[in-house]
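Notes follow once the structure below has been shown.
The values are calculated or read from the model by the stated rules, or taken from the named source; none is laboratory data. None of the values given here were measured: they were computed from a predicted structure. Glycine gets a Cβ as well: all are built from the backbone with ideal geometry, and neighbour counts include every protein chain shown.
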Amino acid sequence: MPELPENVERAVNIPLGLAKGLKATFMTMLKPAVTVQYPRVKETVAPRARGVISLVEDNCTVCMLCARQCPDWCIYIEGHKDKEPPRREGGKPRTVSKLDRFDIDYGLCMYCGICVEVCPFDALHWSPEFEYSEPSIADLLHDKTRLGQWEQTVPEQPGLEAGADAPKGKKK
């Protein structure tokens, strides 16, 4: 069989490639769509999905670990110290840090979760809430009241698997 010139080989391969591409397109057209019509139909998210960071204000001791560990510096914390009565009768009055401001700028946040992991008092949690868009990027700075509202959507922590050891240092 004589060899074909190079331009003729290319001309033969173009319709073959076109036919393969059209076959893939038509096969896809015959399959049902899996798209969710989002604003009208809401899909359920996974139980432990990462949506937004929520805050338990009473657990926060203004230790600033979350703000210092944040690679984006998007957490802003301010607090003050108060004198509280002693826990036991005859004890010394104790100094307690009170939270004045806790803001997270979600325009800067990269959702890495370092702040949630580093918090020693379980003040920060992942909430599966994901509908918090704003018309302006300046409105993505959320304060402690807004962060506290999302705490209600945080699911319960799943129990330990069979044979797993309980975490050390945590009281039940």
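For this structure, a couple of remarks:
- Residue 103 vs. criteria within 20 Å of residue 51 (Cβ to Cβ), touching an Asp or Glu at 6+ places or on another chain (Cβ under 6 Å) and surrounded by 14 or more Cβ atoms within 10 Å (Cβ to Cβ): yes
- Residue pairs meeting the criteria (Cβ under 9 Å; at least 6 apart or on separate chains; first over 12 Å from residue 116 (Cβ atoms), in the stretch 59-77; second hydroxyl-bearing (Ser, Thr, Tyr) and part of a strand (DSSP E or B)): 60/97; 61/97; 62/97; 63/97; 67/76
- Residue within the stretch 84-107 that is in contact (Cβ under 8 Å) with a residue 24 or more places away in the chain, assigned to a loop (DSSP other than H, G, I, E, B), among the hydroxyl-bearing types (Ser, Thr, Tyr) and within 20 Å of residue 57 (Cα to Cα) present: yes
- Residues that are modelled with pLDDT under 95, among the aromatic types (Phe, Trp, Tyr) and touching a strand residue (DSSP E or B) at 6+ places or on another chain (Cβ under 9 Å) do not occur anywhere in the stretch 33-40.
- When residues in the stretch 37-54 are screened for being free of Cβ contacts under 8 Å to residues at least 60 places away in the same chain and either in contact with a Phe, Trp or Tyr (Cβ under 6 Å, 6 or more places away or on another chain) or surrounded by fewer than 10 Cβ atoms within 10 Å (Cβ to Cβ) (or both), 7 of them pass.
- If the condition is being of a type in the set (A, V, I, L, M) and either within 15 Å of the chain's Cα centre (by Cα) or closer than 26 Å to residue 47 by Cβ (or both), then the stretch 127-172 contributes 140, 147, 154, 160, 162, 164, 166.
- Of all residues in the stretch 125-146, those being surrounded by 10 or more Cβ atoms within 10 Å (Cβ to Cβ), without any contact (Cβ under 8 Å) to a residue 24 or more places away in the chain and assigned to a loop (DSSP other than H, G, I, E, B) number 1.
- Close pairs (9 angstrom Cβ cut-off, 6 or more residues apart or separate chains): of a type in the set (Gly, Ala, Ser) in the stretch 147-161, part of a loop (DSSP other than H, G, I, E, B) anywhere: 148/56
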